[in-house]
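Let me begin by presenting the structure, written as structure tokens, before commenting on it.
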Amino acid sequence: MSRVNDMPAPFVAPEVSVEQALEPEFDYEGLGGNYPLHINMIAGSLAGISEHAVMFPVDLVRTRMQVLTASSTTVYTGIGQALARISSVEGFRGLWKGIASVILGAGPAHALYFGTYEFMKDLSGGNKEGFQLLSTSMAGASATIVSDAFMNPFDVIKQRMQMEGNPYTSVMQCARSLYRSEGLRAFYVSYPITLASSVPFTAAQFATYEWAKSLLNPKDTYSPLTHAVAGGFAGATAAFLTNPLDVCKTLLQTRGCSSVPEVRTATTISQAFRVIYAREGLRGFARGVKPRIFTHMPSNALCWLSYEGFRFALHEFDG
């Protein structure tokens with residue numbers, strides 16, 4: 001009896017296209033899915049410190065322009081004039097008042113920020129067709145809520161140390177002084193307005209970034225120029241849209257040092273809005289918009305460039 005039918009079928013190699021054959025083992029596409037959580041968090045931490053440290057003097061100008069005082073002795077007419085005046089009157093070190101608080105808080109806060117963002121984007125289907133915009137907005141908002149809860153006290157200390165004529169020489173001295181004079185509430189009185197500002201900022205930023213990146217780099221390959229351009233555009237857009245809320249946040253964070261009675265007693269978002277509108281009208285909400293855009297555009301470009309670059313390098317090293 002023939003045993004031909006019992007012979008195993010010959011092996012047939014699967015069809016492989018030229019593109020598949022030439023495709024490298026590591027593919028940068030699908031950002032969140034290809035990177036473990038610890039890579040995202042380390043990269044985010046390094047990116048956050050880089051972003052804030054580079055643009056800190058311009059952020060100091062933004063704070064000075066937004067602070068309301070009864071009788072301002074110093075008038076800042078522009079970013080360049082403000083930087084020149086501060087450095088000439090207070091010395092070069094005056095441009096970096098409060099930088100220690102940012103460095104202490106920015107690393108862990110950005111680790112939480114990007115780690116939460118990538119986790120939530122994957123969880124909500126961010127890599128599925130048709131879900132990108134909604135997913136990135138939700139992930140960005142979630143990341144902000146988590147990171148701002150950690151960063152808010154450091155941000156309050158930073159802004160108090162950025163104010164003209166402040167008596168603080170260190171982060172710990174400023175923190176102790178705030179706690180003794182205003183209590184624990186001083187570190188979180190601005191948290192609601194911080195979220196009210198940061199959540200729409202982050203949602204707009206991430207949605208704009210992902211949109212611009214998909215437009216400039218449809219194949220989603222690692223492209224430093226794309227990350228920098230998309231990040232800068234996203235930062236400028238979000239900064240402009242949320243500046244009125246940022247003015248209110250600055251008022252609440254610096255109220256304890258203000259000479260204006262209405263400012264010192266303001267504790268809520270609505271009270272901050274009323275004080276600003278009563279004193280300066282709608283133009284009061286545009287205070288510091290130029291330095292804010294000038295801060296967020298390059299810093300956001302640097303942040304995304306650093307974040308994507310650190311992730312790429314860390315993944316290669318870790319792998």
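Could you state how much accessible area Val146 has, in square angstrom rounded to the nearest 10, with a 1.4 Å probe and all protein chains kept in place? Looks like 60 Å² after rounding. The residues of the range 196-270 have, on average, 39 Å² of accessible surface per residue, using a 1.4 Å probe with all protein chains present. Report, please, the projected area of the range 74-200 averaged over directions, based on the convex hull of its C-alpha atoms, in nm². That works out to 9.8 nm², a quarter of the Cα hull's surface. Quick one: net charge of Tyr76's neighbours, Cβ under 11 Å, K/R +1, D/E -1? So the environment of Tyr76 carries a net charge of +4. Each residue of the range 90-104 is assigned a 3J(HN,Hα), and the resulting list reads 9, x, 4, 5, x, 6, 10, 4, x, 5, 4, 5, 5, 5, 5 Hz, derived from the Karplus form 6.51 cos²θ - 1.76 cosθ + 1.60 (θ = phi - 60°), x at Gly and Pro. The local environment of Ala234, defined by Cβ-Cβ distances under 15 Å, has a net charge of -1 under the rule Lys, Arg +1 and Asp, Glu -1. Using θ = phi - 60° in the Karplus curve 6.51 cos²θ - 1.76 cosθ + 1.60, the 3J(HN,Hα) couplings for the range 280-290 round to 9, x, 5, 5, x, 7, 9, 4, x, 5, 5 Hz; x is entered for Gly and Pro. Taking other residues whose beta carbon is less than 12 angstrom from the beta carbon of Glu90, and scoring Lys, Arg as +1 and Asp, Glu as -1, yields +3. Estimated at the nearest 10 Å², the accessible area of Ile39 is 0 Å² with a 1.4 Å probe. Modelled this way, with points 7 Å down the Cα-to-C-beta line, the labels at Asn217 and Leu37 are 2.6 nm from one another.
The values are calculated or read from the model by the stated rules, or taken from the named source; none is laboratory data. Only a predicted model underlies this, so the values are computations on that prediction, with no experimental measurement involved. Positions of Cβ are backbone-derived with ideal geometry, glycine not excepted, and every protein chain shown enters the neighbour counts. Calculation scope for accessible area: heavy atoms of the full protein, side chains included, ligands and nucleic acids excluded. Shrake-Rupley method; radii C 1.70, N 1.55, O 1.52, S 1.80 Å.
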